[in-house]
Amino acid sequence: CCSASGCDYIAHAHCATNKAIWDGTIIKEGYDERHGPSNLITDVIEQISIEEIMIASKIKHSYHQYHNLRLTFSGEIKDDSQCDGCMRPISTPFYSCEQCKFFLHKNCVELSKEMRHPFHKHALTLTNSRTLGDYSSCDACGHWYQGFSYRCYRRGCSLNFDIRCMLMLDTSNHPSHDHSLFLEHNQQRNCSACSGTMEPWSVAYRCMKRCDYTLDVGCATLPPTAWYKYDKHPLTLTYSDDSEPSQVYCDLCEKERQPNSWFYYCADCDNSLHLNCALGDLPYMKLGNKIKGTGHRHPLTVVKNIWNCPPCEECRELCNGQALECKESGCNFTIHWDCCWY
């Protein structure tokens, strides 16, 4: 067990010494792995006192060296503003650059440079995916993303978790299930939410009772609400559907939904959407960022189409929601993310 104050991590002896998660190193008592600052704040420029606690109000950050970042506790936030660390919609408190559209939640600024994950034997290093390329793929949930991640740099090891998956708790009381779910690896089951098959190395939440309920990480971290352009109400993540089979359709793409799969639903307007239709294909890519290496002669920009959606250059279906678009003058090229790689 962990002897650190406030940490309740416990493992069986044979689980803790599994070669997949322990490299055989015995750490001496009192040893501290940290060297230098624990996070990526390179300089605190200004501080303020709140209830006798000093808080950094203006900082320099390792991943935005050009300008200072200033702390905001309240104020109007644009609907499409995203944190450049976790890629979730921005919310207070956050740091931002006055010259650029660069935002970081306060929690993302304070992330440790190194962290350990219970399913990996090496320490993982906080990394910005933009320094490695335009985007990366998370080894836990499989989502393409931009922003921060924790990556293993040991020789022969390339494990990479985005920070949403890295910070997941060991247990979850998910509203879709009556029992507690426990985080496990070495999964090879079907997800109870989307029916997708997980790979043997997948990380997932599983119920240890006889029901054997399993959620892959992507489904376990779905937001409880989403928005649909033709609905004035938020759509709620819904786990079951007792509608007639002839009524099980998505109101955005108009294709059939799987009766046992989760979906987003508005009871007031009777709108039902597939998960991907509600959230978009690229929920963790930042709108306005450019993507290279797609095969198109120009860089493509991540966009969100709501009105007058153009057809995809590959499949010819309308590019509703998120897509990639060429902004070069005279080049009217728009394509779905998945269609880029055909």
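Where the accessible area of the range 171-220 is counted over protein heavy atoms with a 1.4 Å probe, how much of it, in %, is carbon and sulfur?
Numbers: 1170 of 2690 Å².
Solvent-exposed carbon and sulfur of the range 171-220 make up 44 percent of the total.
Once you keep just the Cα pairs under 8 angstrom separated by 6 or more residues, what percentage relative contact order results for the chain?
Numbers: 627 pairs, mean separation 29.6, N = 342.
Across the chain, relative contact order equals 9 percent.
Applying 1/(1 + (r/R0)^6) with R0 = 41 Å to the Cβ-Cβ distance of K19 and N39, what FRET efficiency is obtained, to the nearest 0.05?
0.85
Between I163, I26, I90, which gets the highest mean-square fluctuation from a Gaussian network model of the chain, Cα cutoff 10 Å?
With Cα springs under 10 Å in the chain, the top fluctuation among I163, I26, I90 is at I26.
Rolling a 1.4 angstrom probe over the protein heavy atoms, how many square angstrom per residue are accessible across the chain? Each step should come with its number before you reach the end.
Numbers: 20230 Å² over 342 residues.
Using a 1.4 Å probe on heavy atoms only, each residue of the chain averages 59 Å².
Got a sec to turn the phi values of the range 312-324 into Karplus ³J(HN,Hα) couplings, 6.51 cos²θ - 1.76 cosθ + 1.60 with θ = phi - 60°, whole Hz, x for Gly and Pro?
Values per residue, Gly and Pro as x: 6, 5, 9, 9, 6, 7, 5, 8, 5, x, 7, 7, 10 Hz.
What lysines could a cross-link reach from K290, if we take a straight Cα to Cα line under 16 Å and drop same-chain neighbours fewer than 8 places away?
List returned: K101, K304, K327.
Reported to two decimal places, what Rg/Rh ratio describes the range 239-308 when computed on Cα atoms with Rh from the Kirkwood expression?
Working: Rg = 16.0 Å, Rh = 14.4 Å.
Here Rg/Rh amounts to 1.11.
Given S38, Y95, H105, which one lies farthest toward the positive end of the charge dipole of the chain, if we put +1 on the Cβ of every Lys and Arg and -1 on the Cβ of every Asp and Glu?
S38
What is the pair-distance distribution P(r) of the range 171-220, computed from all Cα-Cα distances in 10 Å bins starting at 0, with each bin given as a whole percent?
31, 62, 8
Comparing R164, R154, R257, which has the greatest mean-square fluctuation in the GNM of the chain with Cα pairs linked when under 10 Å apart?
Looking only at R164, R154, R257, the largest GNM fluctuation is found for R154.
Which of these, H233, H296, H185, has the largest mean-square fluctuation under a Gaussian network model of the chain (Cα springs below 10 Å)?
Of H233, H296, H185, the most mobile in the Gaussian network model is H296.
Roughly how many nanometres apart are two label points built 7 Å out from the Cα toward the Cβ at D212 and K60?
For the pair D212/K60, the computed spacing is 5.7 nm.
Counting Lys and Arg as +1 and Asp and Glu as -1, each charge on the Cβ, what is the dipole of the range 200-342 about the Cα centre in debye, to the nearest 20? Each step should come with its number before you reach the end.
Details: 14 positive and 18 negative charges, 145 e Å.
Its charge dipole is roughly 700 debye.
What full-extension length gain, to one decimal in nm, is calculated for E317 and Q188 as 0.36 nm per residue of separation minus the Cα-Cα distance?
Details: separation 129, 0.36 × 129 = 46.44 nm, distance 3.36 nm.
Stretched out fully, the E317 to Q188 stretch lengthens by 43.1 nm.
Between L287 and H122, how high is the FRET efficiency from 1/(1 + (r/R0)^6) when r is the Cβ-Cβ distance and R₀ = 22 Å? Nearest 0.05. Please report the intermediate quantities before stating the final value.
On the way: r = 34 Å, r/R0 = 1.54.
Efficiency for this residue pair is about 0.05.
So if each residue of separation counts as 0.36 nm, and I subtract the Cα-Cα distance between S49 and A267, what length gain in nm does that give?
Using 0.36 nm per residue and subtracting the Cα-Cα distance, I get 73.9 nm.
Just need log10 I(q)/I(0) for the range 289-339 at q = 0.15, 0.24 Å⁻¹, Debye formula, equal scatterers on the alpha-carbon atoms, no solvent, rounded to two decimals.
-0.33, -0.88
Have a look at G293, F333, N308 and report the one farthest towards the positive end of the charge dipole of the range 289-339, computed about the Cα centre with Cβ charges (Lys/Arg +1, Asp/Glu -1).
G293
Using the Cα centre of the chain as the reference point, and only Cβ charges (+1 on K/R, -1 on D/E), how large is the resulting charge dipole? Debye, rounded to the nearest 20.
On the way: 33 positive and 41 negative charges, 236 e Å.
In debye, rounded to 20, the chain gives about 1140.
Any idea what the dipole of the range 41-110 comes to, in debye rounded to 20, about its Cα centre with Lys/Arg Cβ at +1 and Asp/Glu Cβ at -1?
Details: 7 positive and 10 negative charges, 39 e Å.
For the range 41-110, the charge dipole is close to 180 debye.
Scale the Cα Rg of the range 52-209 by the rule-of-thumb value 2.2 N^0.38 Å and send over the ratio, two decimals. Don't skip to the answer; put the middle values down first.
Details: Rg = 17.7 Å, N = 158, 2.2 N^0.38 = 15.1 Å.
Normalised by 2.2 N^0.38 Å, the Cα Rg of the range 52-209 equals 1.17.
log10 I(q)/I(0), Debye, Cα-only the range 132-214, no solvent, q = 0.13, 0.16, 0.24 Å⁻¹?
Debye output, listed in q order: -0.47, -0.69, -1.24.
The values are calculated or read from the model by the stated rules, or taken from the named source; none is laboratory data. This is a predicted model, so every value here is computed, not measured. Please note: Cβ atoms are built from the backbone with ideal geometry, for glycine as well, and neighbour counts cover all protein chains shown. Accessible surface areas use protein heavy atoms only, side chains included; no ligands, DNA or RNA. Shrake-Rupley method; radii C 1.70, N 1.55, O 1.52, S 1.80 Å.
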